[in-house]
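Following: one structure in structure tokens, then a few remarks.
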Amino acid sequence: MPVQLIGRTTDFCGKTLWELVGNLKNHGKDRIVIRQRFQRYPEPCFIKILKVGALPPEVFTSPKHAPIHSRKCMALVETTFRGKKDSRISQMDRSTYKTDFRLVPKDEEHKYLNWIDRPEVILPRTMELPPLLREIMVRNLRAKGQKVDTPPQMTIQYNKTGIKIYRVAEEGETPTIVPTISLGPPASPQLYTNVKPI
């Protein structure tokens, strides 16, 4: 009879961090560890271990089940996310109990360390307004007696925390990506062959 899994699915694939580095020389100092969760990106995402220390074991008890033992550890790491190395050394202790870590063999470390950067992504400071808002803005400016030569633009607010693979264009710099508000090319162009624009 085939096995049928019941319950929540998980994306974790691997071992806990302490299972990997607990038996290594110097607790895996200067070794590279990857998380399966971040392997969905085309750029390399990995963690270089600088120092590891075990934390006291926590025992979680529930009235219906047997005690669950969880071994956590604290690690000082250098994080590289999507090919961009974080300049700071960070402490990792909250996610070390997850069974999502894999140790990279020493003969494969060069694939992660010698990765060539891709071209830099430069995003613009402003973009066009949505069509209805643009028409309202133009109508209000004309009602005030102002001449409208170029359509009004809105400034874009970017998330500036964490490691980013993009940067905002400086004054006078040309961005590599220009966002537009449109539906884009249709999935079935043959449906629109005889449609005339208004």
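Of note:
- Some residue of region 165-177 being loosely packed, with under 10 Cβ neighbours inside 10 Å, of a type in the set (A, V, I, L, M, F, W, C) and assigned to a loop (DSSP other than H, G, I, E, B): no
- Lone qualifier among K147, K98 - being part of a loop (DSSP other than H, G, I, E, B), surrounded by 13 or more Cβ atoms within 10 Å (Cβ to Cβ) and of a type in the set (K, R): K98
- Restricting attention to region 2-24, the residues that are of a type in the set (S, T, Y) and either surrounded by 10 or more Cβ atoms within 10 Å (Cβ to Cβ) or closer than 10 Å to F101 by Cα (or both) total 1.
- Of everything listed in (1) at pLDDT 90 or above; (2) in a loop (DSSP other than H, G, I, E, B); (3) more than 30 Å from R37 (Cα to Cα), the single unmet condition for L141 is (2).
- Residue tally, condition surrounded by 14 or more Cβ atoms within 10 Å (Cβ to Cβ) and either β-branched (V, I, T) or modelled with pLDDT of 90 or more (or both), over region 64-80: 7
- Test result for A187, over 26 Å from F46 (Cβ atoms), of a type in the set (A, V, I, L, M) and surrounded by fewer than 10 Cβ atoms within 10 Å (Cβ to Cβ): yes
- Single condition K164 does not satisfy, out of (1) outside the structural domain of G22 (by TED's automatic domain parsing); (2) more than 30 Å from T10 (Cα to Cα); (3) basic (K, R): (2)
- Every pair of residues 6+ apart whose Cβ atoms lie under 7 Å, when the first sits in region 138-152 and is over 21 Å from T126 (Cα atoms) while the second is surrounded by 10 or more Cβ atoms within 10 Å (Cβ to Cβ): R142/V148
The values are calculated or read from the model by the stated rules, or taken from the named source; none is laboratory data. In this text the structure is predicted, and so the values were computed from the model without any measurement. Glycine also receives a Cβ, built like all others from the backbone with ideal geometry; neighbour counts cover every protein chain displayed.
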